[in-house]
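Visitor: Encoded as structure tokens, here's the structure I'll be asking about.
The values are calculated or read from the model by the stated rules, or taken from the named source; none is laboratory data. Keep in mind that what you see is a predicted model, and the values were worked out from it rather than measured. Don't worry about glycine lacking a Cβ; one is built from the backbone with ideal geometry, like all the others, and counts go over all protein chains shown.
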Amino acid sequence: MNDVYHCLQCDKSITKGVSDFSKEVYGVSLCIRHQILIHESTATQEAKALFLALKINKVPAILEYSDGIKTIDIAIPGKLYIEVDGRHHHHDADQALTDLLRTFHAWNKDKIPTIRIPNSLVNDPYLFKKAVSCLTEMCMELQNF
Ligand SMILES: [Zn+2]
């Protein structure tokens, strides 16, 4: 039975071997093409980690999405943009999570909100888990519009 494994990104059937390898390296089941895309992506390790965590939660996220003007680290096209960066050193991880929740509540559907996630948040296992579940919940809500 080789057809029960699917790429999380494109839904293509993949073999158990490819799926096992992908899960070991990326934590999710991806076809070879998508493994290469992630491997060769210029996104930061933090952006990739957040992207994969969202994919595990079945969020239809795209890594390095271009809106025609700029490239967004992670996007739910037409719904939500997520920028992962280490430039805001003054911005601590706890504060970032609070901001994330605030963005969620102040969200209005006329404008695509951009959420900024500092690397420090991705690198803190506890806060990262909280941020991923918060973003997942946010994305689920956005699907309803
Ligand atoms: Zn694929």
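Visitor: Restricting the stretch 26-46 to residues that are β-branched (Val, Ile, Thr) and surrounded by 13 or more Cβ atoms within 10 Å (Cβ to Cβ), which is farthest from the ligand (Cβ to nearest atom)? Spell out how you get there, then give the answer.
Guide: Step one: filter the stretch 26-46 for residues β-branched (Val, Ile, Thr), giving 28, 32, 36, 38, 42, 44.
Okay, now just the ones that are also surrounded by 13 or more Cβ atoms within 10 Å (Cβ to Cβ), so 28, 32, 38, 44.
Details: Val28: 11, Ile32: 8, Ile38: 10, Thr44: 22 Å.
Ranking the candidates gives Thr44 first.
Visitor: Can you tell me which of (1) at pLDDT 90 or above; (2) assigned by TED's automatic domain parsing to the domain that holds Thr136; (3) not in a helix (DSSP H, G or I) is the one Gly78 doesn't meet?
Guide: (1)
Results for (1) surrounded by fewer than 18 Cβ atoms within 10 Å (Cβ to Cβ); (2) in the same structural domain as Asn123 (by TED's automatic domain parsing); (3) within 15 Å of the ligand (Cβ to nearest atom), shown as yes or no for each residue.
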site	(1), (2), (3)
Gln9	no, no, yes
Ser19	no, no, yes
Lys23	yes, no, yes
Lys48	no, yes, no
Pro60	yes, yes, yes
Asp67	yes, yes, no
Ile74	no, yes, no
Asp85	yes, yes, no
Asp99	yes, yes, no
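Visitor: Another one. If you go through the stretch 1-52 one residue at a time, how many are more than 22 Å from Phe128 (Cβ to Cβ) and not in a helix (DSSP H, G or I)?
Guide: Total satisfying the criteria: 14.
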